[in-house]
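Right, one structure below, let's go through it.
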């Protein structure tokens with residue numbers, strides 16, 4: 001639970017690369033939407049299950065799984081599950 005709080009307290013640090021944004025858009029079929037803002041909104045929702053495994057955070061909500069690097073807060077990818 002404490003770990004979840006840490007990620008949420010640093011939600012403003014979450015970002016991605018241009019390749020990451022393209023990958024997220026493709027995997028989630030997003031068009032004309034800010035992919036990072038979309039991810040942050042989903043991750044900060046009450047029903048998001050957040051856990052840390054190794055060097056990454058994993059966030060699962062609404063049929064989507066987000067992978068975020070725990071040191072840099074970079075969204076690596078997002079997939080439908």
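Each value in this text was obtained by applying a stated rule to the coordinates, not by laboratory testing. For clarity, every value in this text was computed on a predicted model and none was experimentally measured. Positions of Cβ are generated from backbone atoms using ideal geometry, with glycine treated the same way; all protein chains shown enter the neighbour counts.
What the table shows:
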quantity: Value of [θ]222 nm, deg cm²/dmol, for the chain, DSSP H segments ≥ 4, -39500 (n - 2.57) each, nearest 500; calculated: -10000 deg cm²/dmol
quantity: Mean projection area, nm², convex hull over Cα of the range 2-80; calculated: 4.7 nm²
quantity: Estimated FRET transfer efficiency (residue 19, residue 47; beta-carbon r; R0 41 Å; 0.05); calculated: 0.90
quantity: Residue 31-residue 76 pseudo-label distance in nm [points 7 Å out on the Cα-to-Cβ vector]; calculated: 3.0 nm
